[in-house]
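To start, the structure under review is shown below, and the notes come after it.
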Amino acid sequence: MVGPNAATMFEGTRARETERVALLEVTDLRTYLHSRRGINKAVDGVSFSLETGRSLGIVGESGSGKSMTALSILRLVPKPYAKIVGGSIRFDGEELLKKSDAEMREIRGGSIAIILQDPMTSLNPVFSVQYQVGEAVHLHQHLTGKAKLDHVIESLRRVQVPAPETRMRDYPHQFSGGMRQRVVGAIAIACRPKLLIADEATTALDATIQAQYLALLRSLQRELSLAFLFITHDFGIVAKMCDHVAVMYAGRIVEHAEVREIFNRPAHPYTLALLEAVPKVDRRVERLYAIPGSPATGHVEHRGCPFAPRCALAIAQCHAERPPSISVGQGHTSACWRAEEIYASRIGLPSNGRNDSADVRAAEGSERRP
Ligand SMILES: Nc1ncnc2c1ncn2[C@@H]1O[C@H](COP(=O)(O)OP(=O)(O)OP(=O)(O)O)[C@@H](O)[C@H]1O
Ligand code: SF4
Ligand SMILES: [Mg+2]
């Protein structure tokens, strides 16, 4: 039950929400890939917004369009066969799709930084760490000499690279995988970005190193008031790191809500299935749940719901008409013909025997799927 105090708090939160201005506003973004198989609608009408200091998780199976969404924001889609064909990406009040290539180079690694899964994709093996962090500092902060060096050391210290004054002279291969990812983090924050995109940034790290890295990212976010876009397969990471979550399927966001809300009251069968696939620390299971069938891709024109062939709750309408995204609760949308029904049936009803808060805690504890 929501008591009067909670209601007042909620009103306060809502007032602050309306005051907040989005740092990043993506509207109806469409990125298509052209190949011999035809057009692949890799990103097919994606909309979301993200405020300063907040974090949004984008989750979905492989091929759902998560990375292509991130690459579109950075205007780094693979050329010539990928093209942003429509929509809008407003960042810090300006339209990124109207920026020149030179302006985008200034923004990339400047006010928007990205950390990828494999640190060696971002690091050059033939240059020292000092050179590589320094290059970013020079390019975007225009610092030289001692000021640049101090900034390099400070950035490495912030990501907790021990003895940065001496270690900065080392080359990437002289660092462990976890430390290399910290160096990538140092490059990312060296230019004081406003938005940090992490695309499966911790997937290659073992569980302990991953937990340390996530804790580091969280403290950096607080210190630097960063907005975070977290791309992951892993609901455990979403539970730990994000305020909001967008679930992607076949190039579209099929559900979007606050993290706690999505764990407590998912309103899309695909989200239910993804959550079902998260291992629970408090449940003994013989076998992990796997979503039946293969993920849909943007190659196929779907008349109905793209998830219908795999959906246990599909009805005739699902195969005939594409479901629109509807609002089922405060800031909670779902693109499913049965969204309201699913949402209503789960409100306050632990009918499946699960304790909702326990689910969030279990996901926070699980973090990695085998
Ligand atoms: N370089 C590429 N060339 C051709 N097709 C691509 C390329 N990168 C992605 N795609 C296609 O674009 C669609 C979206 O892919 P994307 O990489 O965004 O998925 P993802 O959700 O990031 O998956 P993963 O979790 O595996 O990283 C998929 O159909 C994929 O096959
Ligand atoms: S619209 Fe139908 S097929 Fe699609 S997710 Fe909802 S119930 Fe399943
Ligand atoms: Mg990806």
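The values are calculated or read from the model by the stated rules, or taken from the named source; none is laboratory data. Given the structure is predicted, the values throughout are model-derived calculations rather than measurements. For neighbour counting, all protein chains shown are included, and Cβ atoms are generated from backbone atoms with ideal geometry for every residue, glycine included.
Taken over the stretch 43-65, the residue count meeting the criterion of being within 14 Å of ligand 3 (Cβ to nearest atom) and either out of contact with any Lys or Arg (no Cβ under 9 Å at 6 or more places or on another chain) or of a type in the set (Phe, Trp, Tyr) (or both) is 4.
Does the stretch 65-82 contain any residue that is in a strand (DSSP E or B), over 14 Å from the mean Cα position of the chain (by Cα) and free of Cβ contacts under 8 Å to residues at least 60 places away in the same chain? Checked the stretch 65-82: at least one residue is in a strand (DSSP E or B), over 14 Å from the mean Cα position of the chain (by Cα) and free of Cβ contacts under 8 Å to residues at least 60 places away in the same chain. Sub-6 Å Cβ pairs linking a first residue in the stretch 249-266 that is under 28 Å from Ser294 (Cβ atoms) to a second residue that is away from ligand 1 (no atom under 15 Å from the Cβ) and among the small types (Gly, Ala, Ser), at least 6 apart or interchain, are Val254/Ala335; Glu255/Ser334, ordered by first then second residue.
Screening the stretch 319-337 for residues that are closer than 20 Å to Glu258 by Cα and touching a Pro at 6+ places or on another chain (Cβ under 8 Å) and picking the one that is nearest to ligand 3 (Cβ to nearest atom) gives Ala335.
Taking the stretch 235-324 as the region of interest, the helices (runs of 4 or more DSSP H) fully inside it that hold 1 or more residues being within 16 Å of ligand 2 (Cβ to nearest atom) and either more than 20 Å from the chain's Cα centre (by Cα) or modelled with pLDDT of 90 or more (or both) are 259-264, 269-276, 316-320. Screening Thr166 against (1) of a type outside the set (Gly, Ala, Ser); (2) touching a helix residue (DSSP H, G or I) at 6+ places or on another chain (Cβ under 9 Å); (3) in a helix (DSSP H, G or I) leaves a single unmet condition, (2). Just to be sure before I move on: is Ala215 free of Cβ contacts under 8 Å to residues at least 40 places away in the same chain, in the same structural domain as Gly93 (by TED's automatic domain parsing) and either part of a loop (DSSP other than H, G, I, E, B) or surrounded by fewer than 21 Cβ atoms within 10 Å (Cβ to Cβ) (or both) in the structure I sent? Answer is yes for this residue. For the structure I just gave you, tell me whether Gly53 is at positive phi, assigned to a loop (DSSP other than H, G, I, E, B) and away from ligand 2 (no atom under 16 Å from the Cβ). So Gly53 passes the test. Kindly evaluate Ala113 against the criterion of being out of contact with any His (no Cβ under 9 Å at 6 or more places or on another chain), in contact (Cβ under 8 Å) with a residue 40 or more places away in the chain and part of a helix (DSSP H, G or I). For Ala113, the condition - out of contact with any His (no Cβ under 9 Å at 6 or more places or on another chain), in contact (Cβ under 8 Å) with a residue 40 or more places away in the chain and part of a helix (DSSP H, G or I) - is not met. If you go through the stretch 22-41 and keep only what is free of Cβ contacts under 8 Å to residues at least 60 places away in the same chain and not in a strand (DSSP E or B), you end up with just Arg36.
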